[in-house]
1. Answer yes or no: is there a residue in segment 245-252 that is within 29 Å of residue 124 (Cα to Cα), in a loop (DSSP other than H, G, I, E, B) and of a type in the set (Asp, Glu).
2. Mind counting the residues in segment 113-141 that are assigned to a helix (DSSP H, G or I) and out of contact with any Ser or Thr (no Cβ under 9 Å at 6 or more places or on another chain)?
3. How about segment 43-57: which of its residues are surrounded by fewer than 20 Cβ atoms within 10 Å (Cβ to Cβ) and touching a strand residue (DSSP E or B) at 6+ places or on another chain (Cβ under 9 Å)?
4. Do you know which residues across segment 185-199 are farther than 30 Å from residue 213 by Cβ and touching a residue at least 40 places away in the same chain (Cβ under 8 Å)?
5. For segment 1-24, how many residues meet the condition of being surrounded by fewer than 24 Cβ atoms within 10 Å (Cβ to Cβ) and either part of a loop (DSSP other than H, G, I, E, B) or modelled with pLDDT under 95 (or both)?
6. In segment 26-41, which residues are in a helix (DSSP H, G or I), more than 15 Å from the chain's Cα centre (by Cα) and farther than 21 Å from residue 66 by Cα?
7. Only one of 224, 168, 194 is under 30 Å from residue 145 (Cβ atoms) and either more than 16 Å from the chain's Cα centre (by Cα) or not in a loop (DSSP other than H, G, I, E, B) (or both); which?
Amino acid sequence: MQLSNDISAIITGGASGLGEATARRLAGLGVKVALFDRNADRGTSVAADIGGTFHAVDVTDVESVASGFAEAGAQNGVARILVNCAGIGIAMKTVSRDRNTGDVRMHDLAAFAKTIQINLIGSFNCIAHAAAGMVDLDPVTEDGERGVIVNTASVAAEDGQIGQAAYSASKGGIKGMTLPIARDLARDGVRVCSILPGLFKTPLFEGLPEEAVKSLSASVPFPSRLGHPDEYAFMVQHICENGMLNAECIRLDGAIRMAPK
(Lines give C-alpha, C1' and ligand atoms only; values in the text may rest on other atoms or scores of the structure.)
Protein backbone atom coordinates (compact mmCIF):
# COMPACT_ATOMS: atom_id res chain seq x y z
CA MET A 1 0.00 0.00 0.00
CA GLN A 2 1.35 3.38 -0.97
CA LEU A 3 1.01 5.83 1.90
CA SER A 4 -0.42 9.19 0.88
CA ASN A 5 -3.23 11.66 1.61
CA ASP A 6 -5.63 9.25 -0.10
CA ILE A 7 -5.20 6.89 2.88
CA SER A 8 -6.69 7.29 6.35
CA ALA A 9 -5.53 5.58 9.52
CA ILE A 10 -6.76 5.04 13.06
CA ILE A 11 -4.22 4.73 15.88
CA THR A 12 -5.45 3.51 19.26
CA GLY A 13 -3.43 4.73 22.21
CA GLY A 14 -2.30 7.49 19.88
CA ALA A 15 -1.82 10.18 22.52
CA SER A 16 1.56 8.93 23.75
CA GLY A 17 4.39 6.45 23.37
CA LEU A 18 4.42 4.05 20.43
CA GLY A 19 0.99 5.21 19.26
CA GLU A 20 1.99 8.86 19.18
CA ALA A 21 5.20 8.08 17.29
CA THR A 22 3.22 6.07 14.74
CA ALA A 23 0.67 8.85 14.34
CA ARG A 24 3.43 11.39 13.75
CA ARG A 25 5.23 9.22 11.20
CA LEU A 26 2.11 8.35 9.19
CA ALA A 27 0.91 11.96 9.24
CA GLY A 28 4.35 13.01 8.00
CA LEU A 29 3.81 10.75 4.99
CA GLY A 30 0.51 12.47 4.22
CA VAL A 31 -1.83 9.92 5.77
CA LYS A 32 -5.00 11.29 7.39
CA VAL A 33 -4.66 10.19 11.00
CA ALA A 34 -7.32 9.78 13.70
CA LEU A 35 -6.19 9.23 17.28
CA PHE A 36 -8.20 7.10 19.71
CA ASP A 37 -7.31 7.57 23.37
CA ARG A 38 -8.82 8.29 26.78
CA ASN A 39 -6.39 11.15 27.45
CA ALA A 40 -8.31 13.98 25.82
CA ASP A 41 -5.87 16.78 26.68
CA ARG A 42 -2.82 15.01 25.32
CA GLY A 43 -4.69 13.47 22.39
CA THR A 44 -6.13 16.80 21.29
CA SER A 45 -2.69 18.39 21.49
CA VAL A 46 -0.99 15.68 19.42
CA ALA A 47 -3.79 15.69 16.84
CA ALA A 48 -3.54 19.47 16.44
CA ASP A 49 0.24 19.20 16.06
CA ILE A 50 0.07 16.66 13.24
CA GLY A 51 -3.07 17.90 11.52
CA GLY A 52 -5.08 14.87 12.61
CA THR A 53 -8.28 14.32 14.56
CA PHE A 54 -8.79 13.15 18.13
CA HIS A 55 -11.60 10.94 19.38
CA ALA A 56 -12.15 10.07 23.04
CA VAL A 57 -12.48 6.29 22.86
CA ASP A 58 -12.44 3.48 25.40
CA VAL A 59 -11.35 0.42 23.41
CA THR A 60 -13.16 -1.92 25.80
CA ASP A 61 -16.53 -0.30 25.14
CA VAL A 62 -18.33 -1.41 21.97
CA GLU A 63 -20.42 1.76 21.69
CA SER A 64 -17.43 4.02 22.33
CA VAL A 65 -15.41 2.27 19.60
CA ALA A 66 -18.35 2.34 17.18
CA SER A 67 -18.80 6.08 17.76
CA GLY A 68 -15.09 6.67 17.28
CA PHE A 69 -15.02 4.82 13.97
CA ALA A 70 -18.13 6.67 12.78
CA GLU A 71 -16.69 10.08 13.70
CA ALA A 72 -13.27 9.33 12.20
CA GLY A 73 -14.86 7.95 9.04
CA ALA A 74 -17.02 11.05 8.61
CA GLN A 75 -13.98 13.30 8.90
CA ASN A 76 -11.24 11.30 7.17
CA GLY A 77 -12.99 8.59 5.20
CA VAL A 78 -13.07 4.88 6.09
CA ALA A 79 -9.71 3.88 7.54
CA ARG A 80 -7.52 1.59 5.47
CA ILE A 81 -5.00 1.32 8.32
CA LEU A 82 -5.59 0.38 11.96
CA VAL A 83 -2.72 0.35 14.44
CA ASN A 84 -3.60 -0.99 17.89
CA CYS A 85 -1.33 0.57 20.53
CA ALA A 86 -3.74 1.05 23.44
CA GLY A 87 -2.76 -1.09 26.40
CA ILE A 88 -1.73 -1.36 30.04
CA GLY A 89 0.83 -3.36 31.99
CA ILE A 90 0.74 -4.69 35.54
CA ALA A 91 3.18 -6.64 37.71
CA MET A 92 1.60 -9.16 40.05
CA LYS A 93 2.58 -12.72 40.94
CA THR A 94 0.14 -15.62 40.80
CA VAL A 95 0.60 -15.89 44.56
CA SER A 96 2.78 -13.82 46.88
CA ARG A 97 3.39 -13.37 50.60
CA ASP A 98 2.68 -10.28 52.65
CA ARG A 99 6.04 -8.96 53.81
CA ASN A 100 4.72 -8.13 57.23
CA THR A 101 2.45 -11.06 58.06
CA GLY A 102 3.69 -13.77 55.71
CA ASP A 103 0.13 -14.45 54.60
CA VAL A 104 -0.35 -15.83 51.09
CA ARG A 105 -2.15 -13.53 48.67
CA MET A 106 -3.55 -14.57 45.30
CA HIS A 107 -3.32 -12.52 42.11
CA ASP A 108 -6.22 -10.08 42.03
CA LEU A 109 -8.66 -11.52 39.49
CA ALA A 110 -10.16 -8.13 38.64
CA ALA A 111 -6.69 -6.82 37.72
CA PHE A 112 -6.08 -9.88 35.54
CA ALA A 113 -9.42 -9.45 33.79
CA LYS A 114 -8.87 -5.71 33.25
CA THR A 115 -5.52 -6.38 31.55
CA ILE A 116 -7.10 -8.93 29.21
CA GLN A 117 -10.08 -6.64 28.59
CA ILE A 118 -7.95 -3.67 27.51
CA ASN A 119 -5.00 -5.32 25.78
CA LEU A 120 -6.62 -8.29 24.07
CA ILE A 121 -10.37 -7.77 23.88
CA GLY A 122 -9.93 -4.05 23.24
CA SER A 123 -7.62 -4.82 20.32
CA PHE A 124 -10.09 -7.31 18.85
CA ASN A 125 -12.95 -4.87 19.32
CA CYS A 126 -11.13 -2.32 17.16
CA ILE A 127 -10.01 -4.96 14.65
CA ALA A 128 -13.60 -6.07 14.06
CA HIS A 129 -14.85 -2.50 13.58
CA ALA A 130 -11.95 -1.61 11.27
CA ALA A 131 -12.29 -4.76 9.18
CA ALA A 132 -16.04 -4.21 8.75
CA GLY A 133 -15.27 -0.94 7.01
CA MET A 134 -12.22 -2.10 5.06
CA VAL A 135 -13.83 -5.08 3.31
CA ASP A 136 -16.30 -2.82 1.47
CA LEU A 137 -13.62 -0.45 0.14
CA ASP A 138 -12.27 -0.55 -3.40
CA PRO A 139 -8.83 -2.18 -3.71
CA VAL A 140 -5.82 0.16 -3.90
CA THR A 141 -3.28 -2.28 -5.35
CA GLU A 142 -3.12 -4.72 -8.25
CA ASP A 143 -3.20 -7.54 -5.71
CA GLY A 144 -6.57 -6.35 -4.43
CA GLU A 145 -5.39 -4.93 -1.13
CA ARG A 146 -8.00 -2.96 0.81
CA GLY A 147 -6.47 -2.47 4.24
CA VAL A 148 -3.80 -3.25 6.81
CA ILE A 149 -4.15 -3.99 10.53
CA VAL A 150 -1.13 -3.81 12.85
CA ASN A 151 -1.36 -4.97 16.45
CA THR A 152 1.02 -4.40 19.33
CA ALA A 153 1.95 -7.50 21.26
CA SER A 154 5.21 -7.71 23.25
CA VAL A 155 8.24 -9.91 23.72
CA ALA A 156 6.40 -10.84 26.94
CA ALA A 157 4.14 -12.93 24.71
CA GLU A 158 7.11 -15.30 24.42
CA ASP A 159 9.44 -14.39 27.33
CA GLY A 160 7.03 -13.51 30.13
CA GLN A 161 8.80 -12.54 33.34
CA ILE A 162 7.93 -13.13 36.98
CA GLY A 163 4.80 -11.13 37.76
CA GLN A 164 3.72 -10.87 34.12
CA ALA A 165 1.06 -13.58 34.00
CA ALA A 166 -1.76 -11.17 33.09
CA TYR A 167 0.31 -9.03 30.73
CA SER A 168 1.88 -12.02 28.97
CA ALA A 169 -1.50 -13.71 28.61
CA SER A 170 -2.95 -10.59 26.99
CA LYS A 171 -0.03 -10.17 24.61
CA GLY A 172 0.16 -13.88 23.88
CA GLY A 173 -3.48 -13.68 22.89
CA ILE A 174 -2.68 -10.94 20.40
CA LYS A 175 0.08 -13.08 18.92
CA GLY A 176 -2.20 -16.12 18.81
CA MET A 177 -5.05 -14.40 17.00
CA THR A 178 -2.86 -12.80 14.32
CA LEU A 179 -2.85 -15.78 11.95
CA PRO A 180 -6.54 -16.73 12.17
CA ILE A 181 -7.65 -13.11 11.70
CA ALA A 182 -5.31 -12.77 8.71
CA ARG A 183 -6.86 -15.91 7.28
CA ASP A 184 -10.37 -14.59 7.99
CA LEU A 185 -9.66 -11.40 6.04
CA ALA A 186 -7.39 -12.72 3.29
CA ARG A 187 -10.09 -13.07 0.63
CA ASP A 188 -11.12 -9.47 1.24
CA GLY A 189 -7.60 -8.13 0.75
CA VAL A 190 -6.91 -7.07 4.34
CA ARG A 191 -3.51 -7.93 5.82
CA VAL A 192 -2.88 -8.44 9.54
CA CYS A 193 0.46 -8.38 11.37
CA SER A 194 1.61 -7.94 14.96
CA ILE A 195 4.75 -6.31 16.34
CA LEU A 196 6.40 -7.65 19.50
CA PRO A 197 8.41 -4.72 20.90
CA GLY A 198 11.18 -5.24 23.41
CA LEU A 199 12.35 -2.46 25.73
CA PHE A 200 11.29 0.87 24.25
CA LYS A 201 11.68 4.39 25.60
CA THR A 202 8.04 5.11 26.38
CA PRO A 203 6.35 6.91 29.29
CA LEU A 204 6.61 3.62 31.23
CA PHE A 205 10.33 4.29 31.69
CA GLU A 206 10.16 8.01 32.46
CA GLY A 207 9.89 7.51 36.22
CA LEU A 208 12.79 5.06 36.50
CA PRO A 209 16.16 6.11 37.99
CA GLU A 210 18.96 6.69 35.49
CA GLU A 211 20.88 3.66 36.78
CA ALA A 212 17.86 1.42 36.20
CA VAL A 213 17.55 2.67 32.61
CA LYS A 214 21.27 2.03 32.04
CA SER A 215 20.94 -1.49 33.39
CA LEU A 216 17.95 -2.25 31.18
CA SER A 217 19.74 -0.78 28.15
CA ALA A 218 22.80 -2.95 28.81
CA SER A 219 20.60 -6.06 28.79
CA VAL A 220 19.81 -5.54 25.10
CA PRO A 221 22.45 -7.42 23.02
CA PHE A 222 22.60 -4.97 20.11
CA PRO A 223 22.03 -2.12 19.92
CA SER A 224 22.50 -1.89 23.70
CA ARG A 225 19.89 0.76 24.35
CA LEU A 226 16.17 1.24 24.67
CA GLY A 227 14.30 1.30 21.39
CA HIS A 228 13.10 4.63 20.04
CA PRO A 229 9.34 4.89 19.50
CA ASP A 230 9.94 6.03 15.92
CA GLU A 231 11.68 2.70 15.24
CA TYR A 232 8.39 1.01 16.08
CA ALA A 233 6.60 3.53 13.87
CA PHE A 234 9.02 2.79 11.03
CA MET A 235 8.14 -0.91 11.33
CA VAL A 236 4.46 0.00 11.05
CA GLN A 237 5.25 1.98 7.91
CA HIS A 238 7.15 -0.96 6.43
CA ILE A 239 4.33 -3.40 7.16
CA CYS A 240 1.88 -1.06 5.44
CA GLU A 241 4.11 -0.67 2.39
CA ASN A 242 5.27 -4.28 2.01
CA GLY A 243 2.38 -6.26 0.57
CA MET A 244 3.92 -9.68 1.26
CA LEU A 245 3.92 -9.17 5.03
CA ASN A 246 0.82 -10.91 6.30
CA ALA A 247 -0.01 -12.99 9.39
CA GLU A 248 3.47 -12.22 10.69
CA CYS A 249 4.49 -11.59 14.32
CA ILE A 250 7.69 -9.55 14.26
CA ARG A 251 10.00 -9.17 17.26
CA LEU A 252 11.49 -5.68 17.40
CA ASP A 253 13.85 -6.10 20.30
CA GLY A 254 17.58 -5.81 19.60
CA ALA A 255 17.87 -9.60 20.12
CA ILE A 256 16.85 -9.45 23.79
CA ARG A 257 15.43 -12.53 25.47
CA MET A 258 13.90 -11.57 28.78
CA ALA A 259 15.29 -13.19 31.94
CA PRO A 260 12.87 -14.52 34.57
CA LYS A 261 13.17 -11.19 36.42
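The values are calculated or read from the model by the stated rules, or taken from the named source; none is laboratory data. Note that the structure is predicted; figures quoted are calculated from it, not measured. Neighbour counts run over all protein chains shown; Cβ positions are idealised from the backbone, glycine included.
1. First, pick out the residues of segment 245-252 that are within 29 Å of residue 124 (Cα to Cα): 245-252.
Those still in the list that are in a loop (DSSP other than H, G, I, E, B) too: 245-248.
Subsequent filtering for residues that are of a type in the set (Asp, Glu) retains 248.
Scanning segment 245-252 turns up at least one residue that is within 29 Å of residue 124 (Cα to Cα), in a loop (DSSP other than H, G, I, E, B) and of a type in the set (Asp, Glu).
2. The total comes to 10.
3. Looking only at segment 43-57, we keep the residues that are surrounded by fewer than 20 Cβ atoms within 10 Å (Cβ to Cβ), and these are 44-45, 48-51, 56.
Matches in segment 43-57: 44, 45, 48, 50, 51, 56.
4. Step one: list which residues in segment 185-199 are farther than 30 Å from residue 213 by Cβ, which gives 185-192.
Within segment 185-199, 185, 186, 188, 189, 190, 191, 192 meet the criteria.
5. 8
6. If the condition is that a residue be in a helix (DSSP H, G or I), more than 15 Å from the chain's Cα centre (by Cα) and farther than 21 Å from residue 66 by Cα, then 27, 28, 41 are the ones that fit.
7. 194
Listed here are the residues, each with its yes/no results for (1) surrounded by 18 or more Cβ atoms within 10 Å (Cβ to Cβ); (2) of a type in the set (Val, Ile, Thr); (3) closer than 21 Å to residue 175 by Cβ; (4) at pLDDT below 95.
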position	(1), (2), (3), (4)
210	no, no, no, yes
233	yes, no, yes, no
238	no, no, yes, no
241	no, no, no, no
244	no, no, yes, no
247	no, no, yes, no
250	no, yes, yes, no
255	no, no, yes, no
261	no, no, no, yes
